[in-house]
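The values are calculated or read from the model by the stated rules, or taken from the named source; none is laboratory data. Just so we're clear, the structure is a prediction, and the values are computed from it rather than from any experiment. All Cβ positions, glycine included, derive from the backbone under ideal geometry; neighbour counts span all protein chains shown.
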Amino acid sequence: MTSIGLAELCNVVRTKNAGPFFFAVDIMFTSQEVYEAVKKHGLLSREIVAAAYGVPIEHVVVFQTCDHIKSMKATIRRQKVAGSPGDSDVYAMNQEVPVLAIRLPVEKLGARREVVG
């Protein structure tokens, strides 16, 4: 099965602080068609995000979609409280790598060739 990286399908994939105990992941797709396919087929979900970060599903406390801006958002419990000893990213601005590693099956995206490669 041919797959494509999430980064190739999005304008923005970013993380940011969501208080001392959580961080948020924003995933904004370039194409309405791809966004709808990802949503329809469940290609991104709370479970998939949890697996990408190697955390229990319960640590992904929010997973939501926002149709009018072609985006998905996850809020994840931080491993360490922001600013505590051992916290290496107090602003949670460098936590996107695990979600960027997610690959999606091209066959389910229904996208035109120029969108996916």
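Numbers at a glance
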| item | result |
| --- | --- |
| Every residue from the range 62-112 that is hydroxyl-bearing (Ser, Thr, Tyr) and more than 13 Å from Val38 (Cβ to Cβ) | Thr75, Ser84, Ser88, Tyr91 |
| Single residue of Ala82, Ala50 found to be modelled with pLDDT of 95 or more and among the hydrophobic types (A, V, I, L, M, F, W, C) | Ala50 |
| Residues of the range 18-66 satisfying the condition of being aliphatic (A, V, I, L, M), touching a helix residue (DSSP H, G or I) at 6+ places or on another chain (Cβ under 7 Å) and free of Cβ contacts under 8 Å to residues at least 40 places away in the same chain | Ala50, Ile57, Val60 |
| Any hit, the range 68-81, residues being among the polar types (S, T, N, Q), surrounded by 17 or more Cβ atoms within 10 Å (Cβ to Cβ) and closer than 22 Å to Leu109 by Cβ | yes |
| Criterion (polar (S, T, N, Q) and out of contact with any strand residue (DSSP E or B) (no Cβ under 6 Å at 6 or more places or on another chain)) met by exactly one of Ser84, Ser71 | Ser84 |
| Matching option when the condition is more than 11 Å from the chain's Cα centre (by Cα) and within 22 Å of Ser3 (Cβ to Cβ), among Pro105, Pro85 | Pro105 |
| Residues located in the range 1-19, provided they are in a loop (DSSP other than H, G, I, E, B) and loosely packed, with under 14 Cβ neighbours inside 10 Å | Met1, Thr2, Gly19 |
| Test: Leu43 is closer than 27 Å to Thr2 by Cβ, among the aliphatic types (A, V, I, L, M) and in contact with a His (Cβ under 9 Å, 6 or more places away or on another chain) | no |
